[in-house]
Amino acid sequence: MELQLYNVAPRVPKELKFLEELSNNIWWCWHPLAIEVLMRINPNLWRELSGNAKRFLREVPQSRLEELAHDPTYIRQLHAVQAEFERQIPAKDDLAARKVAYFSLEFGIHESIRIFSGGLGVLAGDHLKAASDLKLPMVAVGLLYRQGYFRQVLDRNGWQIEHYPVSEIHNLPVVRGCDPSGKPVTISIRLIDRELFAAVWVLWVGNVPLVLLDTELPQNPPDLREVTWRLYGGDKRMRLHQELLLGIGGFKALVAMGYEPAVCHMNEGHAGFLSLARIAHLVNDAGYEPDVALEIVWRSNVFTTHTPVPAGNEVFDINLVRPYLNTFAAEARLDVDRVIRWGIPIYDRDHASEMSMTVFGLRLANYSNGVSKLHGEVAREMWKHLWPQRSVAEIPIRHITNGVHIASWVSHRIWDLYEQYLTPKWAANPKMDALKEGIRELPDEELWMAHELCRQSLVRRARRLMQNNFRYMTDGAAPEVVTKRKSVLDPGILTIGFARRFATYKRGTLLLRNPQRLIALLKDKNHPVQFIFAGKAHPADDGGKRLIQELIQFAQRENVQDRLLFLENYDIGMARSLVQGVDVWLNTPRRPQEASGTSGMKAAVNGVINCSILDGWWAEAYNGENGWAIEGNDYYTEDEDRDNYECQELFNLLENDIIPCFYERSGGELPTRWIKRMKASITTGLGLFSSIRMVEDYQRMFYAPATEAYAKLTADNAEYAKGLVRQKEEYVKNFDGNLLHIEQPTVDRPLSDVHVGDTFQVTTRVHLAGLKPEEVEVDAYYGTVNAHNEIQTSIAVPMAMKQDLGDGNYVYGCEIECTFSGRFGLTARIKTGGTEWDNSVPGFMCWPR
Ligand SMILES: *Cc1c(COP(=O)(O)O)cnc(C)c1O
């Protein structure tokens with residue numbers, strides 16, 4: 001039976017017209033007053049629909065809207081929200097001004113928009129919100145999943161089952177993306193012998209348009225319609241289709257809509273293929289040679305790597321990708337083997353069976369970074385083989401530590417306190433001194449009271465969820481047991497939270513290694529402790545699912561279900577409750593596999609105290625006062641030994657420090673020492689780990705210079721880029737052709753007896769073959785050495801050309817001053833002049849042979 005479908009929505013009275021505009025921009029979700037004007041319409045329905053504002057407005061009774069239209073207080077409040085909205089959001093999109101395009105396979109913006117799976121997506125969502133707050137001219141690109149990531153249900157054995165409820169487009173705050181003439185855009189990309197079509201939608205995240213592609217179209221054969229059904233579902237071919245759609249289709253969509261991005265940011269290797277679309281665009285629409293286009297593209301790309309864990313670094317079988325890349329390489333007038341080689345490590349050139357999207361991304365981005373200080377180091381070590389001639393310190397992968405969008409994560413109660421006591425700009429990367437002063441002034445009683453209310457809300461939410469949803473707790477249980485579930489948890493005791501993906505390296509069951517000690521904590525009458533766990537395991541990860549099951553079965557077996565609870569279906573809404581309501585946020589990764597971790601930052605900005613392995617962000621955030629560090633040990637060769645050791649360390653911390661500190665009430669009702677730590681935690685969170693700080697870092701270090709580079713490269717019919725192509729040919733001939741030569745440098749005094757403050761002259765002879773002195777830099781290269789006589793921290797001092805010996809031979813020299821003591825190594829090198837080639841792969845460098 002063929003049906004004609006239609007919706008009947010309430011007729012929104014003209015006094016409330018703005019509500020429709022508000023529900024069509026997810027901006028409301030990080031503005032407390034906006035949330036209030038929506039929720040006030042019907043709090044129960046609001047909660048039932050998980051804050052899906054669009055659907056909410058479709059379902060509220062007409063009579064309630066009529067009533068509010070005549071309520072002057074409500075209208076006043078609505079006008080205030082409208083004024084703020086109009087102050088922040090321009091009425092018209094300036095397409096040409098949006099120079100930065102941000103590509104990600106997932107975006108976690110709000111629980112009602114299920115196009116994310118976890119940390120990577122939430123980070124991308126927080127990135128857009130901060131960009132909006134900063135009025136940064138950005139446009140973002142992603143996929144509009146109809147089913148998204150799975151909904152987690154736990155069966156009575158505690159085993160995870162994946163459900164895939166379908167999101168209805170008309171309930172999402174999206175509109176069709178149009179071209180400049182107002183016509184809805186549909187793009188297509190060629191998949192070997194078929195065409196994949198995608199409709200283009202736009203989801204407004206405040207100021208930032210998020211362009212979303214959707215393959216649920218009648219033009220597509222059934223298997224291709226599925227491309228945007230599930231996030232991280234399906235096989236490798238499906239994933240390849242998704243990534244081709246994101247990178248190539250996404251870029252085409254931007255162009256079709258009239259955007260002219262100068263900089264493309266790849267959030268993880270998933271978006272890597274966008275480079276092919278960019279090159280093809282410059283070749284076909286601007287008429288540049290492919291090599292000129294390549295210089296423009298890689299010099300204006302940004303790439304962020306998010307994990308050292310192999311499963312997070314996408315690779316594709318070359319036999320799988322080659323037939324696809326044939327088409328896209330041809331569109332960019334590139335040789336397909338050359339394109340594939342961009343994704344293969346140098347050492348593997350001749351034997352590789354896979355191409356790596358991380359390698360592809362690193363090679364095609366002048367600006368790349370890891371997501372914490374420690375992860376930057378780990379990433380440089382991990383990918384140093386791409387630049388075989390350089391020391392680790394000179395590997396051009398930097399770090400920008402992640403941050404969280406404060407307004408999206410701070411509870412309303414705590415928010416009000418901050419508004420009252422902190423420096424006015426407290427949520428927008430404030431000055432540390434002003435922030436500290438305000439936090440000192442926060443009255444202990446008020447802070448503690450607000451936090452206790454958050455804990456109570458969390459317990460209420462957990463109980464509500466428990467009764468309605470949790471099959472594993474109630475299936476087959478007697479009625480009195482079900483009733484007892486109404487009182488799980490205690491709103492007044494020390495509450496420890498652990499919620500994250502259940503991947504083995506995160507060690508969600510670390511505490512279970514010593515069940516006796518754990519049970520003793522859970523059953524302690526005087527100083528009781530409760531744990532709340534949540535998190536999904538990847539559908540294909542039975543190991544992760546077993547960890548969840550172990551936790552649930554442990555609680556059942558030991559009859560501690562009211563003290564150790566597993567909450568089903570971790571998502572953004574639940575994350576918010578947890579990071580606001582627990583007292584301690586626990587994190588136990590095997591170092592250094594947690595690249596950053598962001599949930600701990602969300603906890604910190606709420607005054608929740610972190611207890612974590614010194615990994616990811618915590619390695620740079622922990623200062624001895626703002627939380628606890630689980631003393632890890634990197635030297636174990638067996639995971640088993642290390643896990644046991646770190647488990648005992650964690651119990652020591654809990655028993656000796658954390659629990660006594662929480663229950664110490666010597667000065668009356670308040671845990672004064674605890675509150676001091678809460679304040680230190682807040683200072684760290686607000687001061688260093690906001691997404692505003694993060695996006696400002698990206699802007700300063702990457703977006704601004706890349707935008708400038710793009711303008712310079714494309715000016716005057718790309719004269720500058722063409723010059724670089726010619727220069728590259730010369731460098732390739734001379735450096736890679738081994739025509740250059742440099743001698744080990746000599747010095748003017750015996751180095752057996754030098755002291756701090758001494759200076760000496762360094763001299764070397766070079767042969768520059770076809771290059772001129774102004775095209776190269778000759779460095780004295782020295783630094784302290786380790787036991788293997790490898791330079792640890794290197795110093796490069798450019799040498800001056802002292803003498804032209806003819807036939808391309810020169811003498812170079814400089815003075816070196818001994819500024820600090822140690823055992824040193826000294827050599828010299830030739831590199832390219834200037835900085836234009838410093839980040840190129842593998843780069844041009846010549847050392848004494
Ligand atoms: C913040 C967040 C994450 C990421 O937290 P990690 O500390 O990186 O594990 C994952 N899922 C949700 C729903 C989040 O809100």
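The values are calculated or read from the model by the stated rules, or taken from the named source; none is laboratory data. In this text the structure is predicted, and so the values were computed from the model without any measurement. Here the Cβ positions follow ideal geometry from the backbone for every residue, glycine too, while neighbour counts run over all protein chains shown.
Just the residues that are among the small types (Gly, Ala, Ser) and under 25 Å from TRP847 (Cβ atoms), please, taken from segment 688-737.
Applying the first criterion (among the small types (Gly, Ala, Ser)) to segment 688-737 yields 690-691, 704, 706, 709, 711, 715, 718, 721, 723, 737.
Residue satisfying the conditions is GLY737 alone.
Table: residues versus (1) within 16 Å of the ligand (Cβ to nearest atom); (2) at pLDDT below 95; (3) not assigned by TED's automatic domain parsing to the domain that holds SER840.
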{"site": "GLU394", "(1), (2), (3)": "no, yes, yes"}
{"site": "ILE406", "(1), (2), (3)": "yes, no, yes"}
{"site": "VAL410", "(1), (2), (3)": "yes, no, yes"}
{"site": "TRP415", "(1), (2), (3)": "no, no, yes"}
{"site": "GLU419", "(1), (2), (3)": "no, no, yes"}
{"site": "LEU422", "(1), (2), (3)": "no, no, yes"}
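Can you confirm whether VAL762 is over 26 Å from GLU730 (Cα atoms), out of contact with any Phe, Trp or Tyr (no Cβ under 6 Å at 6 or more places or on another chain) and surrounded by 19 or more Cβ atoms within 10 Å (Cβ to Cβ)?
On the way: over 26 Å from GLU730 (Cα atoms): yes; out of contact with any Phe, Trp or Tyr (no Cβ under 6 Å at 6 or more places or on another chain): yes; surrounded by 19 or more Cβ atoms within 10 Å (Cβ to Cβ): yes.
Answer is yes for this residue.
Please find, within segment 541-560, the residue that is nearest to the ligand (Cβ to nearest atom) out of those that are in a helix (DSSP H, G or I) and under 20 Å from SER487 (Cβ atoms). Break it down into steps so the answer makes sense when it comes.
The initial filter retains those residues of segment 541-560 that are in a helix (DSSP H, G or I), namely 542-557.
Imposing the further condition that a residue be under 20 Å from SER487 (Cβ atoms) reduces the set to 552, 555-556.
Numbers: ILE552: 20, ALA555: 22, GLN556: 26 Å.
Residue satisfying both the conditions and the ranking: ILE552.
Report the residue count in segment 810-849 for those that are surrounded by 14 or more Cβ atoms within 10 Å (Cβ to Cβ) and in a strand (DSSP E or B).
Final tally of qualifying residues: 17.
Being over 29 Å from GLN152 (Cβ atoms), away from the ligand (no atom under 14 Å from the Cβ) and not in a loop (DSSP other than H, G, I, E, B), is that true of even one residue in segment 561-580?
Going through segment 561-580, the residues over 29 Å from GLN152 (Cβ atoms) turn out to be none.
No - not one qualifying residue is present in segment 561-580.
Any residue in segment 36-43 that is among the polar types (S, T, N, Q), in contact with a helix residue (DSSP H, G or I) (Cβ under 8 Å, 6 or more places away or on another chain) and either assigned to a loop (DSSP other than H, G, I, E, B) or not assigned by TED's automatic domain parsing to the domain that holds ILE109 (or both)? Full working, then the answer.
Start the filter on segment 36-43 by keeping residues that are among the polar types (S, T, N, Q), which leaves 42.
Restricting the remaining residues to those that are in contact with a helix residue (DSSP H, G or I) (Cβ under 8 Å, 6 or more places away or on another chain) gives 42.
Of the ones still in play, those that are also either assigned to a loop (DSSP other than H, G, I, E, B) or not assigned by TED's automatic domain parsing to the domain that holds ILE109 (or both) are 42.
Yes, segment 36-43 contains a residue that is among the polar types (S, T, N, Q), in contact with a helix residue (DSSP H, G or I) (Cβ under 8 Å, 6 or more places away or on another chain) and either assigned to a loop (DSSP other than H, G, I, E, B) or not assigned by TED's automatic domain parsing to the domain that holds ILE109 (or both).
If we keep just the residues of segment 582-612 that are charged (D, E, K, R) and in contact with a Phe, Trp or Tyr (Cβ under 7 Å, 6 or more places away or on another chain), which is farthest from the ligand (Cβ to nearest atom)?
Kept after step one, since they are charged (D, E, K, R), are these residues of segment 582-612: 583, 590-591, 594, 602.
Filter once more, so that each one left must be in contact with a Phe, Trp or Tyr (Cβ under 7 Å, 6 or more places away or on another chain): 583, 590, 602.
Values: ASP583: 17, ARG590: 14, LYS602: 6 Å.
Top of the filtered list is ASP583.
What pairs come up if the first residue lies in segment 625-653 and is in contact (Cβ under 8 Å) with a residue 24 or more places away in the chain, the second is of a type in the set (A, V, I, L, M) and assigned to a loop (DSSP other than H, G, I, E, B), and their beta carbons are under 7 Å apart, counting only those six or more places apart or on different chains?
Listed by first residue and then by second, the contacts come to GLY632/LEU614.
Are there helices (runs of 4 or more DSSP H) fully within segment 454-540 with at least 3 residues that are under 30 Å from GLY148 (Cβ atoms) and away from the ligand (no atom under 16 Å from the Cβ)? List them.
Working: elements: 471-474, 479-484, 515-522.
Because the criterion is at least 3 residues that are under 30 Å from GLY148 (Cβ atoms) and away from the ligand (no atom under 16 Å from the Cβ), the helices (runs of 4 or more DSSP H) in segment 454-540 that meet it are 471-474.
Tell me, which residue of segment 321-364 that is of a type in the set (Val, Ile, Thr) and touching a helix residue (DSSP H, G or I) at 6+ places or on another chain (Cβ under 7 Å) is modelled with the lowest pLDDT?
Within segment 321-364, the subset of a type in the set (Val, Ile, Thr) is 321, 327, 336, 339-340, 344, 346, 358-359.
Among the residues that remain, those that are also touching a helix residue (DSSP H, G or I) at 6+ places or on another chain (Cβ under 7 Å) are: 321, 336, 339-340, 344, 346, 358-359.
On the way: VAL321: 98, VAL336: 98, VAL339: 98, ILE340: 97, ILE344: 95, ILE346: 82, THR358: 98, VAL359: 97.
Result: ILE346.
What do you reckon, is ASP223 closer than 24 Å to ASN326 by Cβ and acidic (Asp, Glu)?
On the way: closer than 24 Å to ASN326 by Cβ: yes; acidic (Asp, Glu): yes.
Answer is yes for this residue.
How many residues, within segment 317-337, are surrounded by fewer than 21 Cβ atoms within 10 Å (Cβ to Cβ), assigned to a helix (DSSP H, G or I) and within 30 Å of the chain's Cα centre (by Cα)?
Step one: list which residues in segment 317-337 are surrounded by fewer than 21 Cβ atoms within 10 Å (Cβ to Cβ), which gives 317-320, 322-323, 326-327, 330-331, 333, 335-337.
So of that shortlist, the ones also assigned to a helix (DSSP H, G or I) come out as 318-320, 322-323, 326-327, 330-331, 336-337.
From the residues that got through so far, the ones that are within 30 Å of the chain's Cα centre (by Cα) too are 318, 320, 322.
The qualifying residues number 3.
Just need a number here: residues in segment 118-131 that are more than 13 Å from the ligand (Cβ to nearest atom) and either on the phi > 0 side of the Ramachandran plot or surrounded by fewer than 24 Cβ atoms within 10 Å (Cβ to Cβ) (or both).
0
For segment 267-288, give me each residue that is in a loop (DSSP other than H, G, I, E, B) and within 20 Å of the chain's Cα centre (by Cα). So that I can check it myself, show each step before the final result.
Going through segment 267-288, the residues in a loop (DSSP other than H, G, I, E, B) turn out to be 268, 272-273, 286-288.
Hits for segment 267-288 are GLU268, GLY272, PHE273.
Regarding segment 500-512, can at least one residue be identified that is assigned by TED's automatic domain parsing to the domain that holds ASN468, among the hydrophobic types (A, V, I, L, M, F, W, C), over 22 Å from ARG642 (Cα atoms) and buried (at least 24 other Cβ atoms within 10 Å of the Cβ)?
No.
Looking at this structure, is TYR698 in a helix (DSSP H, G or I), of a type in the set (Ser, Thr, Tyr) and farther than 30 Å from GLY616 by Cβ? Walk me through it before giving the result.
Details: in a helix (DSSP H, G or I): yes; of a type in the set (Ser, Thr, Tyr): yes; farther than 30 Å from GLY616 by Cβ: no.
Taking the combined requirement at face value, the residue does not satisfy it.
Looking only at segment 447-502, count how many residues are under 26 Å from ILE658 (Cα atoms), of a type in the set (A, V, I, L, M, F, W, C) and under 31 Å from the mean Cα position of the chain (by Cα). It would help to see each step written out before you state the result.
At the first step, the residues of segment 447-502 found to be under 26 Å from ILE658 (Cα atoms) are 447-463, 487-502.
Now restrict to residues that are of a type in the set (A, V, I, L, M, F, W, C): 447-450, 453-454, 458-459, 462, 488-489, 493-494, 496, 498-499, 502.
Those left that are additionally under 31 Å from the mean Cα position of the chain (by Cα): 447, 450, 453-454, 458-459, 462, 494, 496, 498-499, 502.
Total meeting the criteria: 12.
Report yes if some residue within segment 207-226 is touching a residue at least 12 places away in the same chain (Cβ under 8 Å) and part of a helix (DSSP H, G or I); otherwise report no.
Of segment 207-226, the ones touching a residue at least 12 places away in the same chain (Cβ under 8 Å) are 207-217, 219-221, 224, 226.
Now drop any that are not part of a helix (DSSP H, G or I), which leaves 224, 226.
Within segment 207-226 (the criterion being touching a residue at least 12 places away in the same chain (Cβ under 8 Å) and part of a helix (DSSP H, G or I)), the answer is yes, since at least one residue qualifies.
Of these, ARG146, ARG87, ARG151, which one is away from the ligand (no atom under 16 Å from the Cβ), surrounded by fewer than 17 Cβ atoms within 10 Å (Cβ to Cβ) and not hydroxyl-bearing (Ser, Thr, Tyr)? Before the answer, list the steps.
Numbers: ARG146 fails: surrounded by fewer than 17 Cβ atoms within 10 Å (Cβ to Cβ); ARG151 fails: away from the ligand (no atom under 16 Å from the Cβ).
Result: ARG87 is the single residue among ARG146, ARG87, ARG151 that is away from the ligand (no atom under 16 Å from the Cβ), surrounded by fewer than 17 Cβ atoms within 10 Å (Cβ to Cβ) and not hydroxyl-bearing (Ser, Thr, Tyr).
Say we look at segment 8-53 and pick out the residues that are among the polar types (S, T, N, Q) and under 30 Å from the mean Cα position of the chain (by Cα); which of these is modelled with the lowest pLDDT? Show your work before the answer.
So the first thing to find is which residues in segment 8-53 are among the polar types (S, T, N, Q), and the list is 23-25, 42, 44, 50, 52.
Retained after the next criterion (residues that are under 30 Å from the mean Cα position of the chain (by Cα)): 23-25, 50, 52.
Working: SER23: 96, ASN24: 96, ASN25: 97, SER50: 90, ASN52: 96.
The qualifying residue modelled with the lowest pLDDT is SER50.
Does VAL747 satisfy being touching a residue at least 24 places away in the same chain (Cβ under 8 Å) and buried (at least 18 other Cβ atoms within 10 Å of the Cβ)?
Details: touching a residue at least 24 places away in the same chain (Cβ under 8 Å): yes; buried (at least 18 other Cβ atoms within 10 Å of the Cβ): no.
In short, no.
Have a look at ALA704, ALA709, ALA718 and point out the one that is surrounded by 13 or more Cβ atoms within 10 Å (Cβ to Cβ), part of a helix (DSSP H, G or I), at positive phi and out of contact with any strand residue (DSSP E or B) (no Cβ under 7 Å at 6 or more places or on another chain).
On the way: ALA704 fails: at positive phi; ALA709 fails: at positive phi.
Exactly one residue qualifies, and that residue is ALA718.
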